[in-house]
Amino acid sequence: MNVRISVLLIASIMTVFGIITVPDNISAESNQVTITPINEEISLEKTITTMNVPLENKLPWGTVKGDASDYVERYPVIIQFYKGDDPVHFAQVDVKGDGSYEYKFRVRNMDSNTGEFVNIFEGEYIVKIFKVIPNANYWV
């Protein structure tokens, strides 16, 4: 595959605190962020968003990214994809030193037997992103 096609085939979905960048024809909408205390020092931040991949999608990759923000070291970000109530795909990614994270996943693939492209993701999905954050009132 040449570089030009590779560059055209990247799709990004960015969700952090309601800031979303949506490429071409894949859409996402931030729905809610909830914070649940774990103990006196840390809490679990859960972001729920929807992802819509159209039937005519030609892009093979999707990306879930989070911008630099509060995080607790040694706790990964958990990303879960659901089609309705059915779990479809789960991932765990490390948080970088600046608090950002990125997970790249296949949206479309080529069947090696037929040579035809197959959509792995198609339609609407619920995406849940879990991240451990420090409590606002906790001071080290």
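The values are calculated or read from the model by the stated rules, or taken from the named source; none is laboratory data. In this text, all values refer to a predicted model and were calculated from it rather than measured experimentally. Glycine also receives a Cβ, built like all others from the backbone with ideal geometry; neighbour counts cover every protein chain displayed.
I'd like to know if the stretch 33-44 contains one or more residues that are over 17 Å from VAL93 (Cβ atoms), at pLDDT below 90, of a type outside the set (Ser, Thr, Tyr) and outside any strand (DSSP E or B).
First, pick out the residues of the stretch 33-44 that are over 17 Å from VAL93 (Cβ atoms): 33-43.
Add one more test, that the residue is at pLDDT below 90, and what stays is none.
No, because not a single residue in the stretch 33-44 is over 17 Å from VAL93 (Cβ atoms), at pLDDT below 90, of a type outside the set (Ser, Thr, Tyr) and outside any strand (DSSP E or B).
Check off (1) surrounded by 10 or more Cβ atoms within 10 Å (Cβ to Cβ); (2) farther than 14 Å from LEU59 by Cα for ASN109 and give me the number that stays unchecked.
Checking ASN109 against (1) surrounded by 10 or more Cβ atoms within 10 Å (Cβ to Cβ); (2) farther than 14 Å from LEU59 by Cα, the one that fails is (2).
Here is a check on your reading of the model: is ILE35 under 11 Å from VAL132 (Cβ atoms) and surrounded by fewer than 16 Cβ atoms within 10 Å (Cβ to Cβ)?
Numbers: under 11 Å from VAL132 (Cβ atoms): yes; surrounded by fewer than 16 Cβ atoms within 10 Å (Cβ to Cβ): yes.
So ILE35 passes the test.
Report the residue count in the stretch 56-80 for those that are among the charged types (D, E, K, R) and outside any loop (DSSP other than H, G, I, E, B). Full working, then the answer.
Initial filter on the stretch 56-80 (among the charged types (D, E, K, R)): 56, 58, 65, 67, 70, 73-74.
Now restrict to residues that are outside any loop (DSSP other than H, G, I, E, B): 65.
Residues flagged as among the charged types (D, E, K, R) and outside any loop (DSSP other than H, G, I, E, B) within the stretch 56-80 amount to 1.
Being touching a Gly at 6+ places or on another chain (Cβ under 7 Å) and of a type in the set (Ser, Thr, Tyr) is the filter; apply it to the stretch 60-92 and report the residue that is surrounded by the most Cβ atoms within 10 Å (Cβ to Cβ).
TYR71
Within the stretch 60-71, is there a residue that is touching an Asp or Glu at 6+ places or on another chain (Cβ under 8 Å), farther than 12 Å from ILE129 by Cβ and small (Gly, Ala, Ser)?
yes
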